[in-house]
Every structure is written in structure tokens, then in C-alpha cells.
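The structure under discussion appears below in the form of C-alpha cells.
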Amino acid sequence: MIEKFYLKTLGCQMNFSDSQRITSFLEKNLGLKKENLIKDSDLVIFNTCGVRQSAENRMFGQVHNIRKKHPEIKIIITGCLSKRKDVITKISPKVDLFVSIQDFFLLNKKDFEKLEKANQNNKQFKKNGSKKINCHYFSIDPEYRDKDSIFVPIMTGCNNFCSYCVVPYARGREVSRNPGQIIDEIRKAFYYNCQKVTLLGQNVNSYKFKDFDFPKLLDKLAKKFPKIKFDFLTSHPKDFSDELIKVIYENKNISKSIHLPVQSGSDKILKAMNRPYTKKHYLNLIEKIKAKIPKVKFSTDIIIGFPGETQKDFNRTVKVFKKVKFYQAFLNKYSPRPGTKAFKLGDPVDWSQKKQREKILKNLINQSKN
């Protein structure tokens, strides 16, 4: 009988936010108890991310070890990798159920009773007939580990289809959350003395719910909860509007540290990535924000060694780093993601070159901090 579960989260802040709701759902709706050790559990759930090969490899390794050491424990895969056909084929013999994040919150006690039976014929759980993600699970109160600083998802999915990214395939198209529901969640957190709220979305500043766009939502939240510090992740340069800049400037409780992924400083590579802006557009946006918010700081995301990236292309990224002086950067060495358009391009940039380029960018970040 399944009574205790262990939850392992691999990936980004959105995955961690989803896991907080998974925990609450399993405890309050299905009466299961969360354990801190795999060996004490009847069920292990992997909330997976398919953005990086390293996270994928960790999941494969951990599933193998559990099946070897604890063959009696049931294993569920959810998140980005739960829908990948190659992943399902590779580890299906070792996994009891694959369920997308869209459908996880539709599981019930009967489904768990079926899970207890060995050798299930159908290991893929499907109840959501629409390709559009269900947002009903946002109404589930999350189980926060740290009530002082919380993540609040305001939307999910993505419409951008960057050529390297699995998110639109794994999570579906953009769906924005009702602003009233967002306010209620923050109000509950404030009751427990929450100090900081980070608003989450794969493309957070494309949020749109009826007449509420992201600047309007952010402004309303900042004014309604003046004692809470607000931050947001992740922005797309094409959607960073003048109105959003104005809202950040006018509200003291909105963070002046902005995460603005550039991914590459080369227009050629940006085009291949299906990122609809140029280096000039990005740098002009940076200057526009600096002119309005003088004390602003920027962090970014970079993909190193995207197919076709030459030394000249990389040097253009270096110039962006020197110009902007990022205080932080998430440096991701490119790995092909099955199902994406870029997967067909292979992985022609040598790993040693990627590591060398990564080292150069890390040094620039360290110089900016000094």
C-alpha cells in the first residue's frame, strides 16, 4: 500500500514551484506522507526538467539506482521528460508511471491502487484531452519550505518556440492565471510574514488575462502589498515594454535587479535560435532601462556553443558582457534537446571549446563583481 512518498525536483524555479503544489496535493488530497529519504518511501516521484542533459542524466542514474537497491518502490516520472518518447522507451521497464504536469493533479486514489499492481500494461497516464495546459492546479495551496521568500507562478507554457527549447512541447502554449487567484495566494503568504515574492513564468512579461497585462498586474501587486519585495522571472527582451520599465521605476518594492536573457551576442546565432531581436535591440533596451532606473543591475542566460557558433560569434557575446557588466549569468553549454528544431543541427562545437568559452565568461562576471 502506498502511504509515503519522496519527491525529487530537477530543474528550474517553475519546477520547484510545481513540486510545492505536488507535495500539498499528495498530502492533503490523497493522504500521503512526505519522507526525507528514498528508503523510507513507498513511492518516488521525479519532477523532471529537459532543458539540460546533465539533469536528464541525473534522473536516469537515480532511477537505475532505486530499481537496483529498492525494487519494491514505485516510481513516477512527471515534468518535462514525462512526455518524451525516447525517454519513455529508454526507462519504461524501470518506471511505473509517466504523467505530465498537466495531468498529475488529476490522479486519484484509484489510480494509486492501480499503481500498486505489478506489470501495468499502460504506463502513460492521460486524462487531459486538450493540448492546452490545465491551470486548475494553481488553486492548490503550495507547501512552502521557506515562507519568508516564495515563488508564485502567474502563467505557464510558452509561445516562442526558441529552436533549442523543449518548454512549448513539454508544457504547451501560454496560459495566464487569474489575477484574483494570484492576489489570494500572496495574501495568504503575507499572513505568514512573507518578505519576498518572485513571480514566475516561462515568459513572465507576456502575461495576459483579459485586460490585465504584466505591467498592470505587477503594479497592482506592488501597491497592494507594499511591505513585500517583488521580483520576476523570466523575461524575454521582445516583451520588455516601456510601461514595465515605468512600473519598476515607480515602485520601491519592485527589485531593481533584472534578469534579461540574451542567450548570444551574435545576430546570426540569435536568428538560428529563433530569438526575434538583435544585439543592437538588446543593448538599446539595456540603455533605455538604465536611463530610467540608474541603479539597475542585470543578470542573464547564455547558451555556449550553439551549433554554428564560431569564435567571432562568441567574441560578440564577450562584447555584450563587457558592455552590460552583468552581475550574474547562467552559463549553459549547449546540448541537443530531442524534439526541438535545433536537434537536427547536431552538436558540432567541441566540448573543450565550450568549456574554454565558459571560463572566459565566468572571468568577466567575476571582474564585474569587483
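Residue under question is S335, and the condition is that it be surrounded by fewer than 20 Cβ atoms within 10 Å (Cβ to Cβ) and at pLDDT below 95; does it hold? So S335 fits the description; yes. Screening the stretch 27-82 for residues that are touching a Leu at 6+ places or on another chain (Cβ under 8 Å) and charged (D, E, K, R) and picking the one that is nearest to C165 (Cα to Cα) gives E56.
Restricting attention to the stretch 313-370, which residues are aliphatic (A, V, I, L, M), outside any helix (DSSP H, G or I) and more than 30 Å from G172 (Cβ to Cβ)?
Step one: filter the stretch 313-370 for residues aliphatic (A, V, I, L, M), giving 318, 320, 324, 329, 331, 342, 345, 349, 360-361, 364-365.
Narrowing further to those that are outside any helix (DSSP H, G or I): 329, 331, 349.
Hit for the stretch 313-370 is V349, nothing else.
Kindly indicate the residue of the stretch 168-187 that is part of a helix (DSSP H, G or I) and basic (K, R) and also surrounded by the most Cβ atoms within 10 Å (Cβ to Cβ) among those meeting that condition.
Going through the stretch 168-187, the residues part of a helix (DSSP H, G or I) turn out to be 168-171, 179-187.
When the remaining residues are screened for being basic (K, R), the result is 171, 187.
Numbers: R171: 22, R187: 12.
Filtering first and then ranking leaves R171.
Which of the residues that make up the stretch 129-167 are in a loop (DSSP other than H, G, I, E, B), at pLDDT 90 or above and not hydrophobic (A, V, I, L, M, F, W, C)?
First pass over the stretch 129-167, keeping only residues in a loop (DSSP other than H, G, I, E, B): 129-135, 140-148, 154, 157-166.
From the residues that got through so far, the ones that are at pLDDT 90 or above too are 154, 158-165.
The answer is N159, N160, S163, Y164.
Just checking, which of L97, L106, L10, L81 is surrounded by 21 or more Cβ atoms within 10 Å (Cβ to Cβ) and more than 17 Å from the chain's Cα centre (by Cα)? Write out each step before concluding.
Values: L106 fails: surrounded by 21 or more Cβ atoms within 10 Å (Cβ to Cβ); L10 fails: more than 17 Å from the chain's Cα centre (by Cα); L81 fails: more than 17 Å from the chain's Cα centre (by Cα).
One residue alone meets the criteria, L97.
The residues of the stretch 266-309 that are surrounded by fewer than 21 Cβ atoms within 10 Å (Cβ to Cβ) and of a type in the set (D, E), listed by number, are D267, E287, D301. Residue pairs whose Cβ atoms lie under 7 Å apart, separated by 6 or more positions or on different chains, with the first residue in the stretch 330-355 and among the hydroxyl-bearing types (S, T, Y) and the second surrounded by fewer than 16 Cβ atoms within 10 Å (Cβ to Cβ), are S335/Q53.
Looking only at the stretch 308-342, residues that are on the phi < 0 side of the Ramachandran plot and within 23 Å of the chain's Cα centre (by Cα) come to 16 in all. In the condition set (1) of a type in the set (S, T, Y); (2) surrounded by fewer than 17 Cβ atoms within 10 Å (Cβ to Cβ); (3) more than 11 Å from L10 (Cα to Cα), S41 is compliant with all but (2).
Out of the stretch 9-32, which residues are part of a loop (DSSP other than H, G, I, E, B) and over 13 Å from F104 (Cα atoms)? Explain how you work it out, then say what you get.
Of the residues in the stretch 9-32, the ones part of a loop (DSSP other than H, G, I, E, B) are 10-12, 30-32.
Those that are part of a loop (DSSP other than H, G, I, E, B) and over 13 Å from F104 (Cα atoms): L10, G11, C12, G31, L32.
Checking each residue of the stretch 215-232 against the condition of being touching a residue at least 12 places away in the same chain (Cβ under 8 Å), aromatic (F, W, Y) and crowded, with 19+ Cβ neighbours inside 10 Å gives at least one match.
Is there a residue in the stretch 141-149 that is within 14 Å of the chain's Cα centre (by Cα) and buried (at least 21 other Cβ atoms within 10 Å of the Cβ)? First the steps, then the outcome.
Keep residues of the stretch 141-149 that are within 14 Å of the chain's Cα centre (by Cα), which gives none.
No.
Applying a threshold of 6 Å to beta carbon distances and a minimum spacing of six or more residues, or different chains, the list of pairs starting in the stretch 235-249 at a residue that is within 13 Å of A291 (Cβ to Cβ) and ending at one that is among the small types (G, A, S) is empty. Please work out if V262 is in contact (Cβ under 8 Å) with a residue 24 or more places away in the chain, closer than 17 Å to I365 by Cβ and surrounded by fewer than 21 Cβ atoms within 10 Å (Cβ to Cβ). Answer is no for this residue. Step by step: first the residues of the stretch 33-75, then only those that are under 26 Å from the mean Cα position of the chain (by Cα) and in a loop (DSSP other than H, G, I, E, B), then the one that is nearest to E3 (Cα to Cα). Which residue is that? Here the residue is E35.
Please work out if K208 is more than 20 Å from I150 (Cβ to Cβ) and touching a strand residue (DSSP E or B) at 6+ places or on another chain (Cβ under 6 Å). So K208 passes the test.
Just to be sure before I move on: is L81 in a loop (DSSP other than H, G, I, E, B) and modelled with pLDDT under 95 in the structure I sent? No, not satisfied.
Go through the stretch 191-215 and count every residue that is in a loop (DSSP other than H, G, I, E, B) and not acidic (D, E). So the answer is 9.
Total residues in the stretch 17-33 satisfying the condition of being in contact with a strand residue (DSSP E or B) (Cβ under 7 Å, 6 or more places away or on another chain) and surrounded by fewer than 17 Cβ atoms within 10 Å (Cβ to Cβ): the figure is 2. For beta carbons closer than 7 Å, sequence separation of 6+ or different chains, a first residue in the stretch 80-91 that is farther than 14 Å from N47 by Cα and of a type outside the set (D, E) and a second that is modelled with pLDDT of 90 or more and not in a helix (DSSP H, G or I), the qualifying pairs are I88/F98.
The values are calculated or read from the model by the stated rules, or taken from the named source; none is laboratory data. Please read all numbers here as calculations on a predicted model, not as lab measurements. No Cβ is skipped: glycine too gets one built from the backbone with ideal geometry, and neighbour counts run over all protein chains shown.
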